[in-house]
Each structure stands twice: as structure tokens, then as C-alpha cells.
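**Student:** Before we start, here is the structure in question, set down as C-alpha cells.
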Amino acid sequence: MKLNTNSNSYIIIYSAILVVVVAFLLAFVYQALKPMQDANVALDIKKQILYSLNIRGLDGAEAEAKYKDVVKEETKINGLDYYVCNIDGKTKYVFPLKGMGLWGGISAFVSVNDDLNTIYGAYFNHESETAGLGAEIKDSQAWQENFQGKKIMSDDGNVAIAVVKKVENKSSEVDCVTGATLTSNGVSEMLRNGLPQYINALKKK
């Protein structure tokens, strides 16, 4: 019996088979590549943690080795993940933070000295901020370096760290990214909401 390749039934069956085959191939490729993708994601996180510790410019193997050298413990407190690190014999704590920017999620790794009040370094990331504006929170190393040495809490116990349009207190405030006020506000809120949770919990530990 000769198939009628112009019939509706033939087209529907052919299309269905094609969709199943393509779906199977995509699922196979996804599963085959997933371990590599997971490894790349894990390495990227390790690099971001190292960036927050002011360690940059390392390739994959160097970053893996350096991470093992400086990160002494990956742990939790009150359900919050954090990292205990050692830099030149001194303890640093790295805190992961999440917030919202102008167009989507933003995140950070912030390292803090063992006084639990002085920022040692910071690295910021984003999902969809505007290139050349809000995206500068990730792309500008110079802007990230402005956070080094800033105080998180004031002497009276209030949250002091902030990203502002006009710096009045150089000990705890950082200039916002030019042309990206809303993204900068998101960074400020993320720091002010997230860091005290770790600090207060660790002080009670």
C-alpha cells in the first residue's frame, strides 16, 4: 500500500514522530552535558567567592586550588550558608546575599573581617541589569573595591552600610553607580537587609 504523503494523517504522524525523536535527543544531550554544566556552575561560584576575597585573575585550575587553600569551612547558621576563610593567617567570613535590581535578581558575595563589622571585599552579580549602567555592579571592579574597609554597623548598633547618591559618611557609604540609581538602591537594600542577619547570628554563636 502506497503512503499518501500529502494526507493530513501522514503529516500529523510524521510530525509527532519527529517531535519525539528531537525531544529524546535533546534530553540525551542535556543529561550527557549536565555534569559538565554543574561543574562549571560550581567553579563560577568558587571564583565569585575568591573575587570577594580580592583574589582575581585565576584560571579554572588555579581557582580550584586557591579555593581549597583559603576556604576552610562551608557551613550554615540559622539556615544561612556562609564560608569561613583564611587569608594570610586571618579569618574572613564570606556571606552570600540576594536582592532585586531594576530588571531582575542581583546577588553578592561579601567578605568580612573577623571583627564582624569591616568589609574586606565584595563581588556583585546580576541577571539582567542594563549594560553600561546597572550592569556596572558586576563589570566594574573599581566600583566593587569601594566597599573595602567600609563599616557595616555604626557604634550605636544601627545598620550603617549604604549605597547613596551623595556620600556623607565615608566610613560606611559608597557612591551609587552613575545612571543606575534603582540598581544601586537594590544593592544597598540587599546589603542592609542581608549582612546584619549573619553578623547578629554569629555574634550570638
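**Student:** Take the conditions in a loop (DSSP other than H, G, I, E, B) and buried (at least 21 other Cβ atoms within 10 Å of the Cβ) and apply them to PHE147. Does it pass?
**Tutor:** yes
**Student:** Looking at (1) open to solvent by less than 30 Å² (accessible area, probe 1.4 Å); (2) at positive phi, which one does GLY194 not meet, given that it meets all the others?
**Tutor:** For GLY194, the exception is condition (2).
**Student:** Please work out which one of (1) within 29 Å of ILE87 (Cα to Cα); (2) open to solvent by less than 20 Å² (accessible area, probe 1.4 Å); (3) outside any loop (DSSP other than H, G, I, E, B) is the condition GLY186 fails and give its number.
**Tutor:** (1)
**Student:** Now for a different question. Filter region 145-201 down to residues that are hydrophobic (A, V, I, L, M, F, W, C), touching a residue at least 60 places away in the same chain (Cβ under 8 Å) and closer than 18 Å to PHE95 by Cα, then give me how many there are.
**Tutor:** 6
**Student:** Can you tell me how many residues in region 78-116 are open to solvent by 30 Å² or more (accessible area, probe 1.4 Å), touching a residue at least 12 places away in the same chain (Cβ under 8 Å) and not in a strand (DSSP E or B)?
**Tutor:** Here the count works out to 4.
**Student:** Across region 62-77, which residue is most open to solvent (accessible area, probe 1.4 Å) among those that are under 22 Å from PHE124 (Cβ atoms) and not hydrophobic (A, V, I, L, M, F, W, C)?
**Tutor:** GLU74
**Student:** Could you list, in sequence order, the residues of region 156-183 that are within 17 Å of GLY101 (Cα to Cα) and open to solvent by 90 Å² or more (accessible area, probe 1.4 Å)?
**Tutor:** Result: LYS165, THR178, LEU182.
The values are calculated or read from the model by the stated rules, or taken from the named source; none is laboratory data. Worth saying up front: this structure is predicted, and the values here are computed from it rather than measured. Cβ sites come from the backbone with ideal geometry, for glycine too, and all protein chains shown count toward neighbours. These accessible areas exclude ligands, DNA and RNA; they are computed on the full protein's heavy atoms, side chains included. Shrake-Rupley method; radii C 1.70, N 1.55, O 1.52, S 1.80 Å.
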